[in-house]
1. Kindly establish whether residue 385 is in contact with a Gly (Cβ under 9 Å, 6 or more places away or on another chain) and in a strand (DSSP E or B).
2. Give region 413-441 a look and list any residue that's under 23 Å from residue 339 (Cα atoms) and out of contact with any helix residue (DSSP H, G or I) (no Cβ under 8 Å at 6 or more places or on another chain), or say none.
3. Within region 235-254, which residues are of a type in the set (S, T, N, Q) and open to solvent by 10 Å² or more (accessible area, probe 1.4 Å)?
4. Within region 115-143, which residues are of a type in the set (Val, Ile, Thr) and open to solvent by 20 Å² or more (accessible area, probe 1.4 Å)?
5. Provide a single number: the residues in region 407-420 that are within 20 Å of the chain's Cα centre (by Cα) and of a type in the set (A, V, I, L, M).
6. Quick check on region 109-135: of everything there that is among the hydroxyl-bearing types (Ser, Thr, Tyr) and either in contact (Cβ under 8 Å) with a residue 60 or more places away in the chain or touching a Gly at 6+ places or on another chain (Cβ under 6 Å) (or both), which residue is farthest from residue 164 (Cα to Cα)?
7. Tell me yes or no: at least one residue of region 325-337 is in contact with a helix residue (DSSP H, G or I) (Cβ under 7 Å, 6 or more places away or on another chain) and on the phi > 0 side of the Ramachandran plot.
8. If residue 402 meets every condition in (1) assigned to a helix (DSSP H, G or I); (2) open to solvent by less than 10 Å² (accessible area, probe 1.4 Å) apart from one, which number is that one?
Amino acid sequence: MLRRVLLALLLVLGMGSAPAVAGGRLIVRVSGGLPVIQLDCLLAGCAVNETLDGTQGALFLVTTPDLLNLNVVLSTLLNLTGIIDAEIDDVAHISDSSIAVPPALTDDAPLSYFGTTVPHGYVYQPATSLVRLADTRAAFPNATGSGVVAVIDTGVDPHHPALRGVLLSGYDFTRNRVGADETLDVTLSQPPVTDGVPPAWVRGNGSGNVSQSTAAVVDQSTAAVVDGNPQLSDFGHGTMVAGLVHVVAPTARILPLKAFKADGTGYKSDILRAIYFALAQHAKVLNMSFNLASYSPEVATALHLGTLTGMISVAAAGNSGERTLVYPAALPDVIGVASTSNQDQLSMFSNYGSQLVWVAAPGEGVVTTYPFGTYAAGWGTSFSTPLTSGLTSLLLSVNGLCDQYSSAQSTAHAQPITPDAGNGRLDTYRAMQAWSGQYLP
């Protein structure tokens with residue numbers, strides 16, 4: 001039976017505010033490795049904090065003691081020998097507001113699904129019906145997901161019954177430790193209430209507004225504020241995203257990479273570390289349910305490297321309801337995903353435009369996994385994106401040589417709805433048919 005939880009009864013203990021930024025942070029690319037950046041920082045008045053690109057040793061996070069002098073240090077570094085480029089390490093943030101509970105969330109009849117028991121409404125909901133998941137299962141019974149799907153987000157509940165069989169350990173970049181358990185962000189005074197109460201649900205904003213010009217934003221908040229605590233405003237986001245990858249591609253392995261805290265804040269440098277970690281772990285698909293406030297050359301470089309090595313990158317188009325370009329979705333190496341309603345129309349909150357959006361997918365009242373063995377619903381392009389990432393894993397089931405280009409071309413076989421939604425609303429059957437036709441008689 002679907003376990004249900006009343007979030008208002010989850011009492012949170014010991015949760016402090018996010019740590020304040022001490023001084024300033026810069027992302028610096030250098031020729032010559034650690035000795036060069038150490039010398040240049042000595043001259044510029046900064047300190048080397050850590051390497052961001054793993055064993056490549058060319059990209060570093062450096063810090064300054066005085067935030068007011070950050071631009072001076074940046075300018076100085078750019079004029080020193082060996083410095084290729086430098087940019088400010090932006091802070092990420094998520095905001096939220098209330099949305100109603102969809103009927104599919106109360107459809108709690110038990111259903112056997114690839115080795116575990118899940119609610120009927122999780123598998124058979126409007127979103128999966130619209131993308132024709134059942135038709136795809138019938139026509140391609142062996143296409144159930146292949147390869148590793150990396151999810152850069154707030155982490156995942158590793159004990160969730162629906163997910164624990166497919167989760168890899170991942171990494172927590174907010175704590176610098178192996179594992180990406182987002183339930184560590186909360187301390188409960190009692191277990192979640194699971195009966196006699198309304199089902200778990202989440203709050204989402206239709207706007208996706210960014211609080212400051214230098215911020216990045218995970219493009220849809222997902223969780224109700226637990227007991228009114230803003231430090232948990234985005235708790236559960238990563239578990240929800242992972243659950244939507246899983247419902248489409250149930251045998252794909254999911255690599256959770258925690259770059260965001262439960263309050264929705266994080267650094268661009270942690271996103272970069274996560275991308276390079278995914279590359280080192282040979283992830284085939286990268287799900288990015290967030291968007292940056294501005295173009296980042298280093299993020300673009302990392303994702304282009306991913307394309308060259310065969311990784312498929314998918315990102316959310318954002319929720320400000322504008323014809324605009326947001327990143328990383330607008331990068332040429334990324335499949336940008338908009339949101340549609342259950343009436344097959346572009347969502348009012350979704351960003352749009354053919355230069356940003358490659359394809360759209362359902363993103364309103366989508367039912368998915370939530371921490372502590374529960375389920376929830378979410379609104380936003382954050383939840384359209386993992387449906388698309390799941391499809392790319394299905395394509396890999398047919399032929400493991402599927403790459404960014406072939407995945408994009410196959411996904412383009414969609415249901416047209418409006419030019420503002422790129423190639424149209426995601427259709428897993430058409431995409432699989434297009435890709436498998438190249439390899440099957």
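The values are calculated or read from the model by the stated rules, or taken from the named source; none is laboratory data. The model shown is predicted, which means the values in this text are computed figures rather than measured ones. A quick note on method: Cβ atoms are made from the backbone with ideal geometry, for glycine too, and the neighbour counts reach across all protein chains shown. Calculation scope for accessible area: heavy atoms of the full protein, side chains included, ligands and nucleic acids excluded. Shrake-Rupley method; radii C 1.70, N 1.55, O 1.52, S 1.80 Å.
1. No.
2. The answer is 416, 417, 418, 419, 420, 421, 422, 424, 427, 430.
3. From region 235-254, those of a type in the set (S, T, N, Q) are 239, 251; that's our starting set.
Of everything in region 235-254, just one residue is of a type in the set (S, T, N, Q) and open to solvent by 10 Å² or more (accessible area, probe 1.4 Å), namely 251.
4. Answer for region 115-143, where residues must be of a type in the set (Val, Ile, Thr) and open to solvent by 20 Å² or more (accessible area, probe 1.4 Å): 116, 117.
5. Result for region 407-420: 1.
6. Checking each candidate, the answer is 128.
7. No, because not a single residue in region 325-337 is in contact with a helix residue (DSSP H, G or I) (Cβ under 7 Å, 6 or more places away or on another chain) and on the phi > 0 side of the Ramachandran plot.
8. Single failed check for residue 402: (1).
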